[in-house]
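Below is one structure, written out as structure tokens, with a few remarks after it.
Each value in this text was obtained by applying a stated rule to the coordinates, not by laboratory testing. No experiment lies behind these values; they were computed from the predicted model shown. Please note: Cβ atoms are built from the backbone with ideal geometry, for glycine as well, and neighbour counts cover all protein chains shown.
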Amino acid sequence: MKGSLFKVNTILNLYSICGINSSTMDFEYIIDSHTHWGPSITLGTHVSTGEIKRQQVETGITHVVVMPFPSTAIENNAINTRLFAETEKEKAFIPYHYIREDYDRDGFDPVPEEYYGGKWHWMRGWQDTASNYKILNDKNLPGLIEKLRKIDKPVIFEEELSFTEQFVAMADGLKLIIPHLGMLGGNPVDFLRSLKNCESVYFDTALASQDTILRFVEIIGPERVIFGSDIPFGTMKTELSKVLTLSIPDKDKELIVSGNIIRLTGWQGQCG
Ligand SMILES: [Zn+2]
């Protein structure tokens with residue numbers, strides 16, 4: 001692991017040169033917990049392995065959680081399989097499985113064993129726009145929750161605040177990571193107020209403002225805040241610098257950039 005430690009330190013020294021005080025930071029891992037990989041049908045874009053690796057080199061990020069774009073995964077499950085195959089070649093990549101919408105199908109497996117977590121995105125709803133509240137009354141939803149509970153892996157969960165509150169009440173103990181501090185499902189401050197005492201609910205920092213990230217860390221603690229970039233919607237460089245320049249102790253920053261996601265996923269560590 002010496003190589004990656006050296007790399008991280010080098011990058012952090014660069015931050016110091018740029019006037020950012022990080023001289024004592026010495027993290028073995030920096031993990032981006034939210035990156036999209038592959039083609040997006042709706043956006044007409046494509047995130048390549050090469051682009052992710054380029055941003056890793058630029059920032060010193062050692063490992064990356066990768067997941068398919070929602071539209072691509074909803075249309076065809078092949079992207080989940082292709083993504084996993086890519087993570088077998090790229091050891092710095094950590095695979096997440098997109099939880100598709102046919103969850104009432106016999107034999108449906110929301111997060112197969114070889115994946116470290118799942119992505120839930122406006123289930124049968126209008127992506128990034130509106131939740132489908134009929135899901136909450138679906139007779140098959142408790143079965144899906146039961147499966148997720150047994151799998152016991154983190155799920156990046158994106159829905160409106162009211163949907164999220166009702167789901168959390170049904171799915172007590174499920175490890176949910178709300179992306180963007182809740183920004184796409186409502187106001188982050190409302191998410192914080194409503195879910196601050198739900199110990200199994202976490203938040204990722206992607207695209208959020210630094211002030212809001214700090215507010216979350218102060219109220220729910222660094223143990224429940226997780227660094228992510230949401231490539232291609234954000235860049236590793238901008239999103240990581242928001243966390244590394246927070247006025248909090250280095251040990252808290254380390255939880256946010258690696259400790260929490262390692263604890264949640266049970267990832268064992270590999271050389272990138
Ligand atoms: Zn995303």
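Mind checking the full-extension length gain between residue 126 and residue 245? Use 0.36 nm per residue of separation minus the Cα-Cα distance, one decimal, nm.
That works out to 39.3 nm of additional length.
Spelling out what I want: for every residue of segment 48-58, take phi, set θ = phi - 60°, compute 6.51 cos²θ - 1.76 cosθ + 1.60 (Karplus), and round to whole Hz; glycine and proline get x.
Computed from phi, the couplings for segment 48-58 are 8, 4, x, 5, 4, 5, 4, 6, 5, 4, 5 Hz.
Can you put 135, 213 in order, fewest other beta carbons within 10 Å first?
The order, fewest Cβ neighbours first, is 135, 213.
Rank these for me by crowding, 40, 229, going from fewest to most other beta carbons within 10 Å.
Result, fewest neighbours first: 40, 229.
Shape of segment 28-265 from its Cα gyration tensor (a ≥ b ≥ c, root eigenvalues): rounded if a/c is under 1.5, otherwise prolate when a/b > b/c, or oblate?
Note, shape of segment 28-265 comes out oblate.
How far, in nm, would the chain grow between residue 147 and residue 268 when pulled straight, counting 0.36 nm per residue and subtracting the alpha carbon separation?
Computed gain between residue 147 and residue 268 is 41.2 nm.
Quick one: order 86, 146 by neighbouring beta-carbon count within 10 Å, fewest to most.
Least to most surrounded, the residues fall as 146, 86.
Short version: ³J(HN,Hα) in whole Hz for each residue of segment 239-247, in order, from phi by Karplus 6.51 cos²θ - 1.76 cosθ + 1.60 (θ = phi - 60°), x for Gly and Pro, what are they?
Residue by residue, segment 239-247 yields 5, 5, 5, 4, 7, 5, 9, 5, 8 Hz.
Short version: ³J(HN,Hα) in whole Hz for each residue of segment 223-235, in order, from phi by Karplus 6.51 cos²θ - 1.76 cosθ + 1.60 (θ = phi - 60°), x for Gly and Pro, what are they?
5, 10, 10, 10, 6, x, 9, 6, 3, x, 7, x, 10
Within segment 37-57, which residues have the backbone N less than 18 Å from the label spot 7 Å out from residue 75 along Cα→beta-carbon, could you tell me?
Of the residues in segment 37-57, 37-48 have backbone N under 18 Å from the label point off residue 75.
In whole angstrom, note down how far apart the Cα centers of segment 114-152 and segment 36-72 are.
Comparing the Cα centres of segment 114-152 and segment 36-72, I get a distance of 23 Å.
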